[in-house]
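The values are calculated or read from the model by the stated rules, or taken from the named source; none is laboratory data. In this text, all values refer to a predicted model and were calculated from it rather than measured experimentally. Every residue, glycine among them, receives a Cβ derived from its backbone with ideal geometry; neighbour counts consider all protein chains shown.
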Amino acid sequence: MTSSCTCHTSTSYGPGLRAAHYLYQGQIRAERTVGGQRFRARRSDFHPITTLSYLAGLVNEHNTVRLDVAAASDDLGRTYELLVAELQWLAGGNRFLRQEGFVGGVMKLCLNPAAACDGGADPRPIAARHRFPYPVLADGGLSAPEPVRFLKYSAPFWEELYAGNQKLFDLQRYPDPDCRHCFPPVLRLV
(Lines give C-alpha, C1' and ligand atoms only; values in the text may rest on other atoms or scores of the structure.)
Protein backbone atom coordinates (compact mmCIF):
# COMPACT_ATOMS: atom_id res chain seq x y z
CA MET A 1 0.00 0.00 0.00
CA THR A 2 1.25 3.49 -0.84
CA SER A 3 -0.19 6.95 -0.45
CA SER A 4 -1.91 6.51 -3.82
CA CYS A 5 -3.78 3.39 -2.63
CA THR A 6 -7.51 3.97 -2.08
CA CYS A 7 -8.27 0.61 -0.45
CA HIS A 8 -9.99 0.87 2.94
CA THR A 9 -8.64 -0.21 6.30
CA SER A 10 -10.53 -3.27 7.45
CA THR A 11 -12.25 -3.65 10.78
CA SER A 12 -13.72 -6.88 12.10
CA TYR A 13 -16.99 -6.29 13.94
CA GLY A 14 -18.33 -8.75 16.49
CA PRO A 15 -21.43 -9.29 18.63
CA GLY A 16 -20.29 -6.66 21.13
CA LEU A 17 -21.91 -3.87 19.11
CA ARG A 18 -25.39 -5.38 19.28
CA ALA A 19 -24.81 -6.59 22.84
CA ALA A 20 -24.15 -3.02 23.98
CA HIS A 21 -27.30 -1.86 22.22
CA TYR A 22 -29.40 -4.67 23.73
CA LEU A 23 -28.09 -4.05 27.25
CA TYR A 24 -28.64 -0.31 27.09
CA GLN A 25 -32.11 -0.58 25.53
CA GLY A 26 -33.11 -3.20 28.10
CA GLN A 27 -31.90 -0.97 30.92
CA ILE A 28 -33.69 2.19 29.83
CA ARG A 29 -36.88 0.33 28.88
CA ALA A 30 -37.01 -1.26 32.34
CA GLU A 31 -36.51 2.14 33.99
CA ARG A 32 -39.05 3.99 31.85
CA THR A 33 -41.87 1.45 31.71
CA VAL A 34 -42.28 1.04 35.48
CA GLY A 35 -45.95 1.22 36.38
CA GLY A 36 -47.14 0.52 32.85
CA GLN A 37 -45.78 3.72 31.33
CA ARG A 38 -45.19 3.82 27.60
CA PHE A 39 -41.56 3.82 26.53
CA ARG A 40 -40.32 7.00 24.85
CA ALA A 41 -36.85 7.65 23.51
CA ARG A 42 -35.05 10.77 24.70
CA ARG A 43 -32.46 13.02 23.14
CA SER A 44 -30.15 12.16 26.02
CA ASP A 45 -30.19 8.44 25.21
CA PHE A 46 -26.87 6.78 24.41
CA HIS A 47 -26.08 5.34 20.99
CA PRO A 48 -23.71 2.45 21.82
CA ILE A 49 -23.51 1.04 18.28
CA THR A 50 -22.66 4.45 16.81
CA THR A 51 -20.08 5.20 19.49
CA LEU A 52 -18.39 1.79 19.33
CA SER A 53 -18.33 1.94 15.50
CA TYR A 54 -16.77 5.40 15.69
CA LEU A 55 -14.11 4.11 18.11
CA ALA A 56 -13.49 1.08 15.86
CA GLY A 57 -12.51 3.46 13.07
CA LEU A 58 -9.82 4.95 15.33
CA VAL A 59 -8.23 1.84 16.86
CA ASN A 60 -4.62 0.87 16.26
CA GLU A 61 -3.15 -2.64 16.08
CA HIS A 62 -3.42 -2.95 19.90
CA ASN A 63 -7.12 -1.98 19.78
CA THR A 64 -6.43 1.20 21.73
CA VAL A 65 -7.66 4.71 21.03
CA ARG A 66 -6.52 8.08 22.32
CA LEU A 67 -9.81 9.92 22.04
CA ASP A 68 -10.07 13.71 22.07
CA VAL A 69 -13.51 13.75 23.67
CA ALA A 70 -14.37 17.30 22.57
CA ALA A 71 -13.60 16.52 18.91
CA ALA A 72 -15.46 13.20 19.11
CA SER A 73 -18.52 14.86 20.66
CA ASP A 74 -18.57 17.30 17.72
CA ASP A 75 -18.18 14.45 15.23
CA LEU A 76 -20.99 12.47 16.86
CA GLY A 77 -23.27 15.47 17.43
CA ARG A 78 -23.50 15.01 21.20
CA THR A 79 -22.64 17.08 24.20
CA TYR A 80 -19.28 16.52 25.83
CA GLU A 81 -20.90 15.43 29.10
CA LEU A 82 -23.23 12.95 27.39
CA LEU A 83 -20.35 11.34 25.48
CA VAL A 84 -18.24 11.03 28.65
CA ALA A 85 -21.19 9.41 30.45
CA GLU A 86 -21.72 6.99 27.55
CA LEU A 87 -18.04 6.03 27.42
CA GLN A 88 -18.04 5.43 31.16
CA TRP A 89 -21.17 3.26 30.81
CA LEU A 90 -19.48 1.25 28.03
CA ALA A 91 -16.37 0.87 30.21
CA GLY A 92 -18.42 -0.29 33.22
CA GLY A 93 -17.33 -3.82 34.13
CA ASN A 94 -14.83 -3.73 31.22
CA ARG A 95 -17.45 -5.41 29.04
CA PHE A 96 -17.01 -3.30 25.90
CA LEU A 97 -14.17 -0.89 26.70
CA ARG A 98 -11.42 -0.50 29.20
CA GLN A 99 -10.71 3.07 30.21
CA GLU A 100 -7.00 3.43 30.87
CA GLY A 101 -6.89 7.14 31.57
CA PHE A 102 -8.63 10.48 31.13
CA VAL A 103 -6.38 13.52 31.26
CA GLY A 104 -6.81 16.94 29.67
CA GLY A 105 -9.88 15.95 27.67
CA VAL A 106 -8.13 12.94 26.12
CA MET A 107 -9.39 9.50 27.07
CA LYS A 108 -7.26 6.42 26.49
CA LEU A 109 -9.48 3.43 25.75
CA CYS A 110 -8.98 -0.19 24.79
CA LEU A 111 -11.79 -1.73 22.77
CA ASN A 112 -12.95 -5.30 23.44
CA PRO A 113 -12.15 -7.24 20.24
CA ALA A 114 -15.58 -8.88 20.57
CA ALA A 115 -17.00 -5.45 19.66
CA ALA A 116 -14.51 -4.56 16.94
CA CYS A 117 -10.91 -5.29 16.06
CA ASP A 118 -8.44 -3.52 13.79
CA GLY A 119 -7.68 -5.39 10.59
CA GLY A 120 -4.52 -7.42 10.93
CA ALA A 121 -4.70 -7.41 14.74
CA ASP A 122 -4.74 -10.65 16.70
CA PRO A 123 -7.61 -10.47 19.22
CA ARG A 124 -6.15 -13.13 21.55
CA PRO A 125 -3.44 -11.03 23.27
CA ILE A 126 -5.78 -8.03 23.47
CA ALA A 127 -8.47 -10.11 25.17
CA ALA A 128 -5.88 -11.76 27.44
CA ARG A 129 -4.26 -8.48 28.50
CA HIS A 130 -7.57 -7.03 29.69
CA ARG A 131 -9.41 -10.30 30.41
CA PHE A 132 -12.29 -9.16 28.25
CA PRO A 133 -15.48 -11.22 28.45
CA TYR A 134 -17.25 -12.39 25.31
CA PRO A 135 -20.91 -11.39 24.75
CA VAL A 136 -23.36 -14.00 23.56
CA LEU A 137 -26.64 -12.78 22.06
CA ALA A 138 -29.83 -14.71 22.76
CA ASP A 139 -32.20 -15.80 20.03
CA GLY A 140 -35.09 -13.36 19.97
CA GLY A 141 -32.96 -10.26 20.59
CA LEU A 142 -34.47 -7.71 22.93
CA SER A 143 -37.59 -9.81 23.45
CA ALA A 144 -35.57 -12.64 25.04
CA PRO A 145 -35.69 -12.84 28.86
CA GLU A 146 -31.90 -12.41 28.98
CA PRO A 147 -30.85 -10.85 25.64
CA VAL A 148 -27.11 -10.85 26.45
CA ARG A 149 -24.89 -13.13 28.48
CA PHE A 150 -21.18 -12.64 29.00
CA LEU A 151 -18.76 -15.54 28.96
CA LYS A 152 -15.87 -14.98 31.33
CA TYR A 153 -12.46 -14.62 29.72
CA SER A 154 -11.13 -17.96 28.56
CA ALA A 155 -7.92 -18.36 26.54
CA PRO A 156 -9.14 -21.59 24.84
CA PHE A 157 -12.36 -19.85 23.78
CA TRP A 158 -10.50 -16.90 22.20
CA GLU A 159 -8.10 -19.39 20.55
CA GLU A 160 -11.04 -21.25 19.02
CA LEU A 161 -12.68 -17.99 17.93
CA TYR A 162 -9.45 -16.84 16.26
CA ALA A 163 -8.90 -20.17 14.52
CA GLY A 164 -12.42 -20.15 13.11
CA ASN A 165 -12.18 -16.56 11.85
CA GLN A 166 -8.46 -16.17 11.11
CA LYS A 167 -8.94 -14.90 7.56
CA LEU A 168 -11.24 -12.17 8.82
CA PHE A 169 -8.83 -11.06 11.55
CA ASP A 170 -5.79 -11.20 9.24
CA LEU A 171 -7.36 -9.01 6.56
CA GLN A 172 -5.66 -5.61 6.82
CA ARG A 173 -7.32 -3.84 3.91
CA TYR A 174 -10.54 -4.20 1.95
CA PRO A 175 -9.68 -3.92 -1.70
CA ASP A 176 -11.21 -1.05 -3.65
CA PRO A 177 -11.81 -2.17 -7.25
CA ASP A 178 -11.27 1.42 -8.38
CA CYS A 179 -7.82 1.58 -6.76
CA ARG A 180 -5.40 2.12 -9.63
CA HIS A 181 -2.45 1.20 -7.43
CA CYS A 182 -3.66 -2.28 -6.47
CA PHE A 183 -5.68 -2.93 -9.63
CA PRO A 184 -3.81 -1.20 -12.46
CA PRO A 185 -5.75 -0.87 -15.69
CA VAL A 186 -5.11 -3.66 -18.15
CA LEU A 187 -4.50 -2.57 -21.69
CA ARG A 188 -6.24 -4.71 -24.21
CA LEU A 189 -5.05 -4.65 -27.75
CA VAL A 190 -7.74 -5.33 -30.29
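Observations
- Of all residues in the stretch 114-141, those satisfying the criterion of being under 21 Å from Gln166 (Cβ atoms), at pLDDT below 90 and in contact with a strand residue (DSSP E or B) (Cβ under 9 Å, 6 or more places away or on another chain) are Ala116, Cys117, Asp118, Gly119, Gly120, Ala121, Pro123.
- In the stretch 16-26, the condition of being modelled with pLDDT of 80 or more and at positive phi is met by no residue.
- Qualifying positions in the stretch 41-55 - within 16 Å of Pro15 (Cα to Cα) and outside any helix (DSSP H, G or I): His47
- The set of residues in the stretch 64-113 being of a type in the set (Gly, Ala, Ser) and out of contact with any strand residue (DSSP E or B) (no Cβ under 7 Å at 6 or more places or on another chain) consists of Ala70, Ala71, Ala72, Ser73, Gly77, Ala85, Gly92, Gly93, Gly104.
- Some residue of the stretch 72-80 being of a type outside the set (Lys, Arg) and within 12 Å of the chain's Cα centre (by Cα): no
- Count - residues of the stretch 27-40 that are of a type outside the set (S, T, N, Q) and either modelled with pLDDT of 90 or more or assigned to a loop (DSSP other than H, G, I, E, B) (or both): 3
- Test: residue in the stretch 156-163 that is modelled with pLDDT of 90 or more, under 19 Å from the mean Cα position of the chain (by Cα) and within 28 Å of Val69 (Cβ to Cβ): no
- Test for Arg66: is it of a type in the set (D, E, K, R), over 14 Å from the mean Cα position of the chain (by Cα) and over 30 Å from Asn165 (Cα atoms): no
- Flag if Pro145 is modelled with pLDDT under 90 and over 26 Å from Tyr54 (Cβ atoms): yes
- The one condition in (1) over 22 Å from Pro147 (Cβ atoms); (2) in contact with a Leu (Cβ under 7 Å, 6 or more places away or on another chain) that Glu61 fails to fulfil: (2)
- Selection within the stretch 95-147 - within 13 Å of Asn63 (Cβ to Cβ) and of a type in the set (S, T, N, Q): Asn112
- Residues satisfying the stated conditions in the stretch 94-104, i.e. free of Cβ contacts under 8 Å to residues at least 40 places away in the same chain and not hydrophobic (A, V, I, L, M, F, W, C): Asn94, Arg98, Gln99, Glu100, Gly101, Gly104
- Per-region count, the stretch 103-131, residues within 17 Å of Ser73 (Cα to Cα), among the hydrophobic types (A, V, I, L, M, F, W, C) and out of contact with any helix residue (DSSP H, G or I) (no Cβ under 8 Å at 6 or more places or on another chain): 1
- Residues considered: Val65, Val59, Val84. Of these, the only one that is crowded, with 16+ Cβ neighbours inside 10 Å, among the hydrophobic types (A, V, I, L, M, F, W, C) and assigned to a loop (DSSP other than H, G, I, E, B) is Val59.
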